[in-house]
Amino acid sequence: MPCWCRRRPSLRVLGALLDVLQIEQQTCHSSGEAVELLVQGHYSALVLDFDMPGAGQVARMVRMASSKRRPVVFAMVSAFTSVGGAFPSVVNFVLYKPLAYEQVARSLHAGQRYMKPNPRHAPRHQLETLVYLRFGAKALPAIVLDLSEQGLALQAPEPLPQVENVPLRFVLPGTTHLVEAIGKVIWAEDDGRAGMFFSQLTAASRHHLKNWLAKRGAKSKNAVRVLLPPQRSRRSGHASH
């Protein structure tokens, strides 16, 4: 269970109860680390402090996960917490600060019945990796859905602007090889799904990507499928004439 909270009293209460319930915990130190853990691993639950910067983005990433992989979400809030639109759709239990031992115990006990057993043995998706897109000073994480030598399809927590030069980077699944490129958004949907064409790739990135695809028997027609918007697309990067 990832826990994203910096308040030591809250962590002590959570830690004590999770030990009693024999639930492994992992403390995150940033929203980026929380997102990485959720995408790369299989966790049955997440404790998210909504007074932390970036909590809303983590919540939106949770909402993007399939129902089979979506963790039970415990939201920590205070009287002054400002929550975004993703809050009610992903949160299963609310923990009010300052945390009271009895309240947290009841919520964790109730949540256990919804936690999926043996999450580390669940099957993993072939393209379970994050891509980081940079729009000016803002870095936006997204999940890679499909990949070819020419580009990728992704799911972002918010709609992407149709921009021609977007620096991006991601690690090829199952490797330590970093792919760095400049991408162009060629189609985008209102739910955050989008397709990007690689307008620039470093030589090393192109080499690693080509080898990675070859080892997985990628077909050339896959390149076309990745770069085409799905039929349900509501916004397109192509102009109508």
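The values are calculated or read from the model by the stated rules, or taken from the named source; none is laboratory data. Predicted, not measured: the structure shown is a model, and the values here were computed from it. Cβ atoms come from the backbone with ideal geometry, glycine included; neighbour counts cover every protein chain shown. When the accessible area is computed, the model is the full protein with side chains, heavy atoms only, and any ligands, DNA or RNA have been set aside. Shrake-Rupley method; radii C 1.70, N 1.55, O 1.52, S 1.80 Å.
In this rough spin-label picture, where each label sits 7 Å from Cα along the Cβ direction, the GLN22-ASN211 distance is 4.4 nm. Here the simple spin-label model places points 7 Å from the Cα toward Cβ, and for ALA204 and GLU180 these points are separated by 0.7 nm.
Entry comment: accessible area of region 43-114 is 49 Å² per residue, from protein heavy atoms only and a probe of 1.4 Å.
Taking 8 Å as the Cα distance limit and 6 or more residues as the minimum spacing, I'd like the relative contact order of region 135-203 as a percentage. Over region 135-203, the number comes to 31 percent. Working note: Karplus 6.51/-1.76/1.60 with θ = phi - 60° gives region 151-167 the couplings x, 8, 10, 9, 10, 9, x, 8, x, 8, x, 7, 10, 8, 10, 10, x Hz, where Gly and Pro are set to x.
Under 5 Å from the amide H of LEU147 lie the amide H atoms of ALA153, each residue being 5 or more positions distant or on a separate chain, with H modelled from the backbone and absent for Pro and chain starts.
Taking a virtual spin label 7 Å from the Cα of SER82 along the C-beta vector, which residues in region 9-49 bring their backbone nitrogen under 18 Å of it? Inside the label zone: 49.
Charge tally for VAL91 (other residues, Cβ to Cβ under 15 Å; Lys, Arg +1; Asp, Glu -1): +2. With an a/c value of 1.5 or above and a/b not larger than b/c for the gyration tensor axes a ≥ b ≥ c computed over the alpha-carbon atoms, region 1-62 is described as oblate.
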